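Here is the structure we will look at, set down as structure tokens.
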Amino acid sequence: MRCELSGIIVLDKPAKITSAKVVAHVKKILGAGKVGHTGTLDPFATGVLICCINKATKLARFFLSGKKKYEAVLHLGVETDTQDSTGTVISTSDETQFSEETIRSVFKQFEGTVEQLPPVYSALKHKGVPLYKLARKGKPLQKPARRIYVSYIKILEIKLPMIRFEVSCSAGTYIRTICSDIGKALTCGGHLKELRRTKSSGFAIKNAISLSELEKLVLSGKLSEGMINMANALQDMPEYIADNTLTKTIIHGKRISKKDLLSGQSESPKKFFKIVDTHNNLLAVLNYNKERNNYNYCCVFS
């Protein structure tokens, strides 16, 4: 049976599987026409993977740049070519007994705005080819440093040579690179041993479901219980409730001006905002066009 429902499913990605294969499993379980995720997790990593189902794939762009939160384990004294536990060991050191004060001081250096070099083993592309494929062929390519933002790094446990920590950061941040850079700063090397994403774009691990739980919901006819309404998924986006006139305007794809949105409101919305009907169904996402003083359709839902 083909799934016609559209919305967001927050999955707890298991280890030892790619994000793309998780999406393929979801698509098969649901019998959905379209499924996409909004931020790759490495195969060994677990945790929050936001899956957009059917029409909700149009919303993926609004989740890609959201903040992330992770729990990770740094293994000091062992450096790998991939900066994580899946790679080949390229150096080791027995000098890993640092004071807690020293460790906390080094970790603190990686908070705030940081210039980070993306790993050569990554899904970033060069002329359409993923960097990890070039690296595996012995042709590693280093992309220029990118500016990231780390809200905080909190050390949870120190059992040297292992350090468990939590990090809140901007999209595009490589936790394994943070681990590698901390290891270099401590002069002993290090790599990412474990990684679990606990939050992504406002969706937390406590609200995530496993693939087996998703399958049970489908078999019991309760899929809607595990799917987040599209309007609710855009939880931080300003909302405008449309009357019948505006609803018809959107359905027919007509241009929307500021006066169309001022009814009952002191000021029309700017930037991105969602328009819903009286039943909380998402009708469209718009953004303000300053030059034309009207609104552009980002995506429309019939």
- Query: Any residue in the range 126-141 that is in contact with a helix residue (DSSP H, G or I) (Cβ under 9 Å, 6 or more places away or on another chain) and closer than 16 Å to ILE175 by Cβ?
  - Reply: no
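Might you check whether a residue that is touching a residue at least 24 places away in the same chain (Cβ under 8 Å) and more than 30 Å from ALA32 (Cα to Cα) occurs anywhere in the range 194-216?
Our first condition is that a residue be touching a residue at least 24 places away in the same chain (Cβ under 8 Å); within the range 194-216, this holds for 194-205, 207-211, 214-215.
Now drop any that are not more than 30 Å from ALA32 (Cα to Cα), which leaves 194.
There is at least one residue in the range 194-216 that is touching a residue at least 24 places away in the same chain (Cβ under 8 Å) and more than 30 Å from ALA32 (Cα to Cα).
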- Looking at LEU214, LEU134, which is the one that is in the same structural domain as PRO43 (by TED's automatic domain parsing), in contact with a strand residue (DSSP E or B) (Cβ under 8 Å, 6 or more places away or on another chain) and in a helix (DSSP H, G or I)? LEU214
- Scan the range 166-224 for residues that are small (Gly, Ala, Ser) and touching a helix residue (DSSP H, G or I) at 6+ places or on another chain (Cβ under 7 Å) and jot them down. ALA171, ALA185, GLY189, GLY190, SER201
- What are the residues in the range 141-169 that are modelled with pLDDT under 95 and part of a loop (DSSP other than H, G, I, E, B), if any? LEU141, GLN142, LYS143, PRO144, ALA145
- Message: Within the range 4-58, take every residue that is acidic (Asp, Glu) and in a loop (DSSP other than H, G, I, E, B) and give me the one that is surrounded by the fewest Cβ atoms within 10 Å (Cβ to Cβ).
- Response: GLU4
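If you go through the range 179-192 one residue at a time, how many are closer than 18 Å to VAL150 by Cα and out of contact with any strand residue (DSSP E or B) (no Cβ under 7 Å at 6 or more places or on another chain)?
So the count comes out to 2.
Suppose the filter is part of a loop (DSSP other than H, G, I, E, B) and hydroxyl-bearing (Ser, Thr, Tyr); does THR82 pass it? First the steps, then the outcome.
Numbers: part of a loop (DSSP other than H, G, I, E, B): yes; hydroxyl-bearing (Ser, Thr, Tyr): yes.
Yes: the conditions hold for THR82.
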- Can you give me the number of residues within the range 67-96 that are under 26 Å from LEU134 (Cβ atoms), acidic (Asp, Glu) and loosely packed, with under 15 Cβ neighbours inside 10 Å? 0
- Message: Name the single residue that is nearest to THR40 (Cα to Cα) among those in the range 153-210 being among the polar types (S, T, N, Q), over 14 Å from the mean Cα position of the chain (by Cα) and surrounded by fewer than 19 Cβ atoms within 10 Å (Cβ to Cβ).
- Response: SER210
- With respect to the numbered conditions (1) in contact with a Gly (Cβ under 8 Å, 6 or more places away or on another chain); (2) more than 30 Å from CYS298 (Cβ to Cβ); (3) touching a residue at least 40 places away in the same chain (Cβ under 8 Å), which one is the sole condition not fulfilled by ASN54? (2)
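So, in the range 218-242, of the ones that are among the acidic types (Asp, Glu) and more than 18 Å from LEU11 (Cβ to Cβ), which residue ends up nearest to the chain's Cα centre (by Cα)? Lay out the reasoning, then the answer.
Of the range 218-242, the ones among the acidic types (Asp, Glu) are 225, 236, 239.
Narrowing the set further to residues that are more than 18 Å from LEU11 (Cβ to Cβ) leaves 236, 239.
Details: ASP236: 15, GLU239: 23 Å.
Applying the filter and picking the extreme gives ASP236.
The values are calculated or read from the model by the stated rules, or taken from the named source; none is laboratory data. What you are looking at is a predicted structure, and each value in this text was computed from that prediction instead of being measured. Reconstructed Cβ throughout: ideal geometry from the backbone, glycine too, with neighbour counts over all protein chains shown.
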